Amino acid sequence: MSKNLVIVESPAKAKTIKKYLGPDYEVLASYGHVRDLVPKDGAVDTEHGFEMKYQVIEKNEKHVRAIAAALKQADTLFLATDPDREGEAISWHLVELLKEKNALKGKPVKRVVFHEITKAAVNEAIANPREVAYDLVNAQQARRALDYLVGFNLSPLLWRKVAPKLSAGRVQSPALRLICEREEEIKAFVPQEYWTIEARAQKEVQSFAARLVELDGQKVEQFTLTDAGGSEAAKQRILDAARGELLVKSIEKKQRRRFSGPPFTTSTLQQEANRKLGFTSSRTMRAAQQLYEGADIGGETVGLITYMRTDSVNLANEAINEIRKVIVEQFGQKALPDEPRYFKAKSKNAQEAHEAIRPTAAARLPKDVAKFLSPDQARLYELIWRRAMACQMSPAVSDTVAVDLRAGQAHAFRANGSVLIEPGFLAAYNIKADDPNDRDEDDEDDKRLPALEEGERVKLLDVIPDQHFTEPPPRYTEASLVKTLEEFDIGRPSTYASIISTLQAREYVRLEGKTFIPTDVGMIVNRFLKEHFTRYVDYEFTANLEEELDEISRGEREWVPVLEAFWKEFQGLIVRGKDVKPPTWEEHPLGTDPASGKPVIVRMGKYGPLAQIGAKDDPVKPRFASLRANQRIDTITLEQALDLFKLPRKLGVLPGGEEVETNIGRFGPYVRYGKSFVSLRKDDDPFTIELPRAIELIEAKAAALKAATIREFPGTGIRIIKGRFGPYITDGERRANIPRTRDPAVLSALDCEFFLNEAAQKVKPGSKGKAKAAKPDGETATKKSAVKKAPAKKAASAKKAASKSASRRKPSA
C-alpha cells in the first residue's frame, strides 16, 4: 500500500515522477481539468453573486473515480498540478469533487509546486508543500466566468444577426480585429514611387558601393527623387561634378557591442520557433509540453526543460553557474563574460512562474539527446538550449566604419562597412540570419571596405539610379501576431495558441504561406462587433481587464466586483443588440455570363461567400456556387467566378454502375458516388481531379470503414462502428449511440433497429436533422436550427455529475 497519493495532469508526467518518488508514492493523472461549467444558460448565475455551477467533465470522470479509489489506500494527498492558475484551479476542483464523494475523510491535502521535472526539484517540492493558492483559483474562475458570459451571450447574437455556427470571444474578437484592421490598411494603401542613387567606386582592385545622402547641398530624404526623369537628371549632375572621382571627406570608426536577448518566455519561444523552425504556436507548445514532462534518455526518464508557461526571464543561480561552465567547455573562455547576466521581466505577474524556459541540465547537449527525441522535440530543445547559452555569453563585437565621399561640392555619398571580430553569443545563437527586424541602420551591410584615408580620391565606376515603391504594412505571421498580442496585453502567452487555433477553426482567418488573411466571414463579424460592441473589441479595455485578472491572482483585488462591473454594461448591450439590424451583405458585380447573358455577382450567403448568376427576381432561379477557401469577395475576378460553375464535374462510372462526380459543398470539396460521399484531401482539387484518384479515395474510405466496423448485419445496411467517442450504430442515414450498459458485440440486428428508431424519435418535431453535405451552396442547403441546446442528461447521471459551487468569496480549503 502506498502511503501517499500524488496527482499530476498528464500520464507522461506521472510516469516520470513515479520513478523519482519510490514505492511509498502512487502517482496518478487527472488528464487535465476535471470540472467545467455546466453547458447551459445559468452556469454563471449573475443574479446570485456570480455563483458558478460546475459538473464533472465526462471523459475524465473515470480518472476521478480512480483517484478516489486510490485515495482510500493512502494517508496523504499531494496535488502536483502545473504551477500556474490553470494548475491551481485543477487542484482545487479535484479537492471539491473528492469532498462531494466523501473521499478525503480528513486526510491531509498538500499542494506541491515544481518548475522542472527533475529528481531534485520534485523531492524538494514534496518536502516543502503549501496550501492551495486561492487567489490564483479565483483569478482562473473569474477568467472562465468572463469567457462564458461573453461567449454564451454574444455568440447566439451572431447566429441570429450574421450566420449560424459563429462565435465571439473576450480575447478572440480583439485578436480578429487586429488581423482585419491590418487587411483594411493593406487594401487602402496607395504605393508611392521613389528613387535611390548608388555609386560604384573602386580603390585599387576592390570595388564597393555607397548610397547618395546629399544632393545639390540638401539631405536626401525618401521622396527627394520620385520619378525616372528626376533621377536621371540627378545622375548627370553627379557625374558632371565628380569627373570620374570621389573624394574621401571623412572616416568614422566605431566598435559595436551587441548583447543577446534574455532566455525564453512562453511568448518569445512561440515567436522564435515560428521564425526559425516554422512551427505554429500549437506545435511549439505541444513539443515543449513533451520536453517538460520527460523523455527516456538512455534508460533515465527526465524532464528536459523547465515549465513552458511563464512570463519570467529570471534564471536560478544554480542554472546560471552550470550554463557558464558549459559555455567555457563548448565555446571557449573568450565567450564567457566576467559576471553573470541578469534580466528583468516586463510582466508584473512574472512571479507566478519563477524561471524562464531553459534546459534542466545545460550539460545535456542537443546532439547527445536528439536520438532519443522526435524531430520536433529535438529541434525545439536545441533552440531552447542555444538561447539559454547565448543569454549568458559575451557580446558580439564588430568594427564598423562609415565613410563620407563627395562628388564635387554639392553631392555626397556614404559607404558603411562592418567586420565581426568577436562572435560572442552569435556562436551559439545567430539572430541576424533569421530576424531582419533585429538589424540596426549601421548594421545595414555586413561587409568590408578597402583601407581608405581622408583626403584621398577613389575611382567612380558608375552612378546607378534605382526605382522603388513604398509597401503596405505586412500581414501578420504567427510570430508577429503573438508579439502584437503581447504588446497590446491581449490574452496571456499560455492562451495565444488557442486564440490562433480558434480563429482558424471558425474560418475567420486562413493561413496563406506564413501570413494570416481574414476571410469574408471574419471581416463581417469584426465589422458587426466593432459597430455594436466597440468596447469589447477595444484593445485598451481588453488589456485593462487582463490586468484586473492579474491583480486578482496577486490578491490585490476581489474577483466578484470585477465580474459585476463587466456584466452591468455588457448585459445592456446584449439586450440592445437583439434589436439591431443584421449587417448588410454588400454585393460585388463582376460582369456578365457570356453563356446566358445574365449578371454575375459575388456576395455573402447564409453559409458563406458565394458567386451568383442571375438576379433573384428573374423567372428562372439564379445559380449559386460557393467561393473556394482562398478566394475573397473583394478580390475574385469574373473568370475565376465563372470557373466555379464548372462544378459539379462528372468523372465517370464505377464498375458497379454508380456515377461519380466532384463538387464543393458547405464542408469543402467532395466526391459523390451514388448516394455516398467522400471528402477530398488537402492536395486534391475538385477542378482537376480525375476518376482514378476518386476511386482511390472511395476505396480508402471503404477500408477505413471496414477497419472501424465492430459488427455488420448483411442485407440490412446496419453496422456497429468504433467511433472516436465510443461505439455507435448506423445504417448510412440514421445514427444511434450504444448505451454503456450494453455490449456492442452481442447486439442483434433487431436491437440495433430499436436503438436507431429510438434515436430518430428523439429529434424534435419540425427539425430537419443534419444538413446534407451534398448541398453545394449556402442558398439551397438544408437549414439548421441556429441555436443548439445541450443534450438532456439522464437524471441519475446529472445528479452524479453536477456539482454547484457558490464561489462569491474565496473557495474553502
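Calculated FRET efficiency, D368 and F259, Cβ-Cβ r, R0 25 Å, to nearest 0.05?
Working: r = 28 Å, r/R0 = 1.13.
So, using R0 = 25 Å, E works out to roughly 0.35.
Explain nothing, just the number: relative contact order of the range 484-607, from Cα pairs under 8 Å at least 6 residues apart, as a whole percent.
Here the relative contact order equals 17 percent.
Determine the per residue accessible area of the chain with all protein chains present and a 1.4 angstrom probe, expressed in square angstrom.
Numbers: 41020 Å² over 813 residues.
The answer is 50 Å² per residue.
Report the trypsin sites (Lys or Arg not before Pro) located in the range 567-661 that are in a DSSP loop and have at most 14 other Cβ atoms inside 10 Å of their Cβ, or state none. Provide the component values of the computation, followed by the final result.
Working: sites: K568, R576, K578, R603, K606, K616, R623, R628, R632, K646, R649, K650; in loops: K578, K606, K616, R628, R632, K646.
Those that pass, being in a loop and sparsely packed, are K578, K616, K646.
Among the GluC sites (Glu not before Pro) within the range 567-614, which fall in a DSSP loop and have no more than 13 other Cβ atoms within 10 Å of their own Cβ? Mind dumping the intermediate values first?
Details: sites: E569, E586, E587; in loops: E586, E587.
Answer in residue order: E586, E587.
Using a 7 Å offset from Cα along Cα-Cβ at R724, what residues in the range 147-181 end up with backbone N under 20 Å from the label point?
Output list for this probe position: 165-167.
How much length would be gained if the chain were fully extended between I464 and E252, taking 0.36 nm per residue of separation minus their Cα-Cα distance, in nm to one decimal? Write down the numbers at each step before the final one.
Values: separation 212, 0.36 × 212 = 76.32 nm, distance 2.49 nm.
Once the chain is fully extended between I464 and E252, it gains 73.8 nm.
Just list whichever of K53/K107; K59/K722; K18/K110; K276/K344; K621/K646 have alpha carbons separated by over 21 Å in the model shown.
Numbers: K53/K107 26 Å; K59/K722 16 Å; K18/K110 17 Å; K276/K344 25 Å; K621/K646 18 Å.
Beyond 21 Å between Cα atoms: K53/K107; K276/K344.
What are the equivalent ellipsoid semi-axes of the chain, built from the alpha-carbon gyration tensor (square roots of five times its eigenvalues), in whole angstrom, biggest first? Before the final figure, lay out the partial values.
Values: eigenvalues 557, 355, 143 Å².
Three semi-axes, in Å: 53, 42, 27.
What's the FRET efficiency of A241 with F189 using the Cβ-Cβ distance as r and R₀ = 51 Å, to the nearest 0.05? Numbers along the way, then the final one.
Numbers: r = 37 Å, r/R0 = 0.73.
That gives a FRET efficiency of 0.85.
What number, rounded to the nearest 500 deg cm²/dmol, is the helix-based mean residue ellipticity at 222 nm of the chain, given -39500 (n - 2.57) per DSSP H run of at least four residues and division by all its residues?
-11000 deg cm²/dmol
What's the extension gain from T709 to L420 if we count 0.36 nm per residue and subtract their Cα-Cα distance? Could the numbers behind the result be given before it?
On the way: separation 289, 0.36 × 289 = 104.04 nm, distance 6.53 nm.
Length gained between T709 and L420: 97.5 nm.
Hand me the GluC sites (Glu not before Pro) from the range 696-747 located in a DSSP loop with no more than 16 other Cβ atoms within 10 Å, in residue order please. Please report the intermediate quantities before stating the final value.
Working: sites: E696, E699, E712, E733; in loops: E733.
For GluC sites (Glu not before Pro) across the range 696-747 that sit outside H, G, I, E and B with at most 16 neighbouring Cβ atoms in 10 Å, the list reads E733.
In whole percent, and with a 1.4 Å probe on the protein chains, what portion of the accessible area of the range 180-292 is carbon and sulfur? Present the calculation step by step, with values, prior to reporting the outcome.
Working: 2680 of 5810 Å².
Here it works out to 46 percent.
Beyond 21 Å, what share of the Cα-Cα pairs of the range 600-675 is found? Please give it as a whole percent.
Numbers: 1015 of 2850 pairs.
Result: 36 percent of Cα pairs exceed 21 Å.
What's the carbon and sulfur percent of the range 538-667's accessible surface, probe 1.4 angstrom, rounded to a whole number?
Details: 3520 of 6960 Å².
Carbon and sulfur atoms account for 51 percent of the accessible area of the range 538-667.
Report the label-to-label distance for T592 and A228 in nanometres (one decimal), using points 7 Å from each Cα along the Cα→Cβ vector.
Taking the simple label geometry, T592 and A228 are separated by 3.8 nm.
To the nearest 0.05, what FRET efficiency results for Q202 and D338 with a Förster distance of 30 Å applied to their C-beta separation? If you can, show how the numbers build up before the last one.
Values: r = 44 Å, r/R0 = 1.46.
Efficiency, rounded to the nearest 0.05: 0.10.
Quick check: from the Cα gyration tensor, does the range 24-113 come out rounded (a/c under 1.5), prolate or oblate? Before the final figure, lay out each step's value.
Details: a/c = 1.94, a/b = 1.80, b/c = 1.08.
Prolate shape, in that a/c is at least 1.5 and a/b is the bigger ratio.
Each residue of the range 186-203 in turn: what ³J(HN,Hα) in whole Hz from Karplus with 6.51, -1.76, 1.60 and θ = phi - 60°, glycine and Pro shown as x?
Here the 3J(HN,Hα) series is 5, 5, 7, 5, 10, x, 10, 7, 8, 10, 10, 10, 10, 9, 9, 10, 8, 10 Hz.
Taking θ = phi - 60°, what integer Hz values does the Karplus form 6.51 cos²θ - 1.76 cosθ + 1.60 yield along the range 118-131, in sequence order, with x for Gly and Pro?
In residue order, the calculated couplings are 10, 4, 5, 5, 5, 5, 5, 5, 4, 6, 10, x, 9, 7 Hz.
How many nm is it between the label spots at A209 and T584, if each spot is 7 Å from the Cα in line with the beta carbon?
The answer from the label model is 5.1 nm.
Contact order normalised by length for the chain, with contacts defined as Cα pairs under 8 Å and 6 or more residues apart; what percent is it?
Details: 1404 pairs, mean separation 115.1, N = 813.
Result for the chain is 14 percent.
According to the Cα gyration tensor, what semi-axes, each the square root of 5 times an eigenvalue, does the equivalent ellipsoid of the range 294-339 have, listed from largest to smallest in whole Å? Working shown, then result.
Numbers: eigenvalues 120, 62, 12 Å².
The answer is 25, 18, 8 Å, longest axis first.
Could you give the length gained by full extension between K514 and K650, i.e. 0.36 nm per residue of separation minus their alpha carbon distance, to one decimal place?
Working: separation 136, 0.36 × 136 = 48.96 nm, distance 3.50 nm.
Contour length minus the Cα-Cα distance gives 45.5 nm.
The values are calculated or read from the model by the stated rules, or taken from the named source; none is laboratory data. Everything quoted here is computed from the prediction, not taken from an experiment. Note that we place each Cβ from the backbone using ideal geometry, even for glycine, and neighbour counts take in every protein chain shown. Calculation scope for accessible area: heavy atoms of the full protein, side chains included, ligands and nucleic acids excluded. Shrake-Rupley method; radii C 1.70, N 1.55, O 1.52, S 1.80 Å.
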